[in-house]
Amino acid sequence: MDDDLSAFQKIRTLYVQVPFCPERCDYCSLPVSLKTERAPAYLRALFREKKRLMEREDLSGIETLYVGGGTPTFLPPALLEDLLEGLQKDLPTLKEMTVESRPDTVTPDILHLLRSCGVTRLSFGMESVRSEHMRFLGRTINVVESVRFLKFVRNYFPGSVSMDFIAGGEGFSKDAFLQEAHALFSEGLEHLSLYPLTVEERTSLKGRLIRGEISSGTEEAAGVLWEGVVRELSLMGWFRYEVANFSRSPDTVCRHNHLVWQGYDYAGIGAGAHQRIRSVRTINVRSLVSYENRLSLSGPPFEKREVLDQNERTLEILYTNARLSNGFPLSWLFCQDRTNGGGETDLSDLVEEGYLDSGAYSSGRVIFTEKGRDLLDGVMGEIWSRLRS
Ligand code: SF4
C-alpha cells in the first residue's frame, strides 16, 4: 500500500474548533465555554495558530473548511463574521465550508450573514424529536419541529443542510424518529447523521450513571436500537455512505468528513483539535486558557504528539475506509501482505458468512454488508490479524 499511502499525504481539509455553547449538554465531552466574553481572545489565538500552520505546511490544496465546536453561531454576529472571513483567507481552492449550529442560535440575520460569508453547508445539532428524550440528554431547549425548521432555514440560506440526531436513552422513540426522518427526506433535507448514545468520561451523563440515576445498560441498549433504526433509514431511501451518516444522494455527502475517512491528511486548529500530517498525529490542549497562553508565547498548542509507524497508519486508513459504502480495494491488503512477507490473504470465508459483499469481493473490493458494519471492529480486527500473521 506504499504508493497509495503517499497519495494520501496531502492536506485537503481544515477543521476549526469553536468551543462556545449556550449550555453544556449532559452527554457532551467536548471542551466548551458558556461565556462568549472570552471569544475575542480565543479567536486571536485561533488566527495565530492558523498563521503558524500556514508557515509550516502547504495549505494551497485545502478544499473544505469545517467550523465546528461548540456552536459557532452562538458567537456575537460581528465576531462570527470576522472568524469566517479570516479563516477563508489564503485558501483559494475552497469548495465546501460547513458551519455547525443549533436551532436556538439562528435568526434570519445570522442565516443571511452565513450566506454572505460564503458558507455552503450548515449542520444542525437537533439531537431529538421528543421533549422527554431532549430532557434526558440535558438540553434545556424545547424540541424543534425539524421540518418546519428546515423550511425556515431554506427561506434565508440556499446551501446544503444537515441534521444530527442521537439514538437511545430514556424517551427515545424509534417510531417517532423514523416518522421525522421520512418527512425530512420528503422535504429535501440533504444530509442526516444518527449516532448511538454513548456515555463518555467527563460528562454529566457519566456522573448520573455512577450515581445510579440511569441504567447501567443505557449505552448497550442505545447501540441495539441504533442498529435497527439505521437499517430502516436505508430502506427509506437515505444513502448510507458511512456507518452513521446518510445523504439524499452521492452528491450531498459531507465532502469534508469523506476526505478524512478516505485517509487524506487533515489539519485541525483550536482547543482540543486533532490533526494528522505526514504520519504525525497531534491533539491540542483542551483548556481554552492553556491554548491561548501557548499561542501567545508562539509555542505549539498540542499536548499530545505521536508519530505513527507504517502499520498504524495503514490500519487507520483501512478502518476509516471500511466505514464507507465504497470500502477499499483488495489490493491494499495484498500490498500489506507483501510488506509482511506473506501470501495474499483470503477473505472468502468472511464473504460466505455474510460480513463482506460478495459481488464487490469478486471484482476486487472489500465492502462491508449491513451485518459486517454492525460488527465492523471485530471483522476488521480479524482481517488485520490475518495480514500480520
Ligand atoms: S453537544 Fe453540542 S451544543 Fe451541546 S455542549 Fe456539546 S458542542 Fe455544545
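So who's got an amide H within less than 5 Å of the one on residue 126, skipping anything under 5 residues away but keeping other chains? H placed 1.01 Å off N, in plane.
The answer is 164.
Amide H neighbours of residue 365 under 5 Å, counting only residues 5+ apart in sequence or on other chains, H built in-plane at 1.01 Å?
Under 5 Å from the amide H of residue 365 lie the amide H atoms of 330, each far enough along the sequence or on another chain.
In the range 80-117, which trypsin sites (Lys or Arg not before Pro) fall in coil by DSSP and have 10 or fewer other Cβ atoms within 10 Å?
Passing sites in the range 80-117 are 89.
Could you look at the range 310-388 and say what percent of its accessible area is carbon and sulfur, using a 1.4 Å probe and all protein chains?
Reported share for carbon and sulfur atoms: 48 percent.
With every protein chain left in place, what is the accessible area of residue 258 in Å² (1.4 Å probe, nearest 10)?
The accessible area of residue 258 comes to roughly 50 Å².
Let me know the charge dipole size of the chain about its Cα centre in debye, to the nearest 20, where only the beta-carbon of Lys, Arg (+1) and Asp, Glu (-1) is charged.
Result for the chain is approximately 1240 debye, rounded to the nearest 20.
What's the extension gain from residue 55 to residue 231 if we count 0.36 nm per residue and subtract their Cα-Cα distance?
58.8 nm
Specify, per residue and in Å³, the volume enclosed by the convex hull of the alpha carbon atoms belonging to the range 310-388.
Convex hull volume per residue, Cα atoms: 78 Å³.
Given the DSSP H assignment, sum -39500 (n - 2.57) over each helix run of at least 4 residues in the chain and divide by its residue total; what's the result at 222 nm in deg cm²/dmol, nearest 500?
So the helix-based figure for the chain works out to -13000 deg cm²/dmol.
From the phi of every residue in the range 146-153, what ³J(HN,Hα) in whole Hz does the Karplus formula 6.51 cos²θ - 1.76 cosθ + 1.60 yield, where θ is phi - 60° and glycine or proline is x?
5, 5, 5, 5, 4, 4, 4, 4
Can you sort 384, 238 by 1.4 Å-probe accessible area, starting with the largest?
Of 384, 238, the descending order of accessible area is 384, 238.
Can you work out ³J(HN,Hα) from phi for every residue in the range 293-308, in order, using Karplus 6.51 cos²θ - 1.76 cosθ + 1.60 and θ = phi - 60°, giving whole Hz and x for Gly and Pro?
Result, rounded to whole Hz: 4, 4, 6, 5, 9, 6, x, x, x, 7, 10, 9, 9, 9, 9, 7.
How large, in Å, is the chain by the Kirkwood hydrodynamic radius built from its alpha-carbon pairs?
It is 22.2 Å.
Beyond 28 Å between alpha-carbons counts as too far, so tell me which of 95/174; 95/371; 51/206; 10/95 fall in that bin.
Beyond 28 Å between Cα atoms: 95/174; 95/371; 51/206.
What residue among 277, 141, 110 shows peak mean-square fluctuation when the chain is described by a Gaussian network model with Cα springs under 10 Å?
141
Show me, for the range 249-263, the HN-Hα J-couplings you get by feeding each phi into the Karplus relation (A = 6.51, B = -1.76, C = 1.60, θ = phi - 60°), rounded to Hz, glycine and proline as x.
7, x, 7, 10, 5, 7, 4, 4, 5, 4, 5, 5, 5, 5, x
Show 206, 10 ordered by accessible area, largest first, where the area counts protein heavy atoms only and the probe is 1.4 Å.
The most accessible residue leads, giving 10, 206.
Any chance you could look up the accessible area of residue 109 with a 1.4 Å probe, heavy atoms only, rounded to 10 Å²?
120 Å²
Looking at the chain only, what percent of DSSP beta bridges run antiparallel? Nearest 5 please.
In the chain, DSSP labels about 40 percent of beta bridges as antiparallel.
Got a number for the accessible area of residue 283? Probe 1.4 Å, square angstrom, nearest 10.
Taking all protein chains as shown, residue 283 has close to 40 Å².
Mind listing the long-range amide H neighbours of residue 10? Cut-off is under 5 Å, sequence gap 5 or more, other chains count too, H placed in the peptide plane at 1.01 Å from N.
265
For residue 107 and residue 183, what is the calculated FRET efficiency with R₀ set at 25 Å and r taken between the beta-carbons, to the nearest 0.05?
It comes out at approximately 0.55.
The values are calculated or read from the model by the stated rules, or taken from the named source; none is laboratory data. Predicted model, so just to flag it, every value in this text is computed and none were measured. No Cβ is skipped: glycine too gets one built from the backbone with ideal geometry, and neighbour counts run over all protein chains shown. SASA here: full protein model, heavy atoms, side chains in, ligands and nucleic acids out. Shrake-Rupley method; radii C 1.70, N 1.55, O 1.52, S 1.80 Å.
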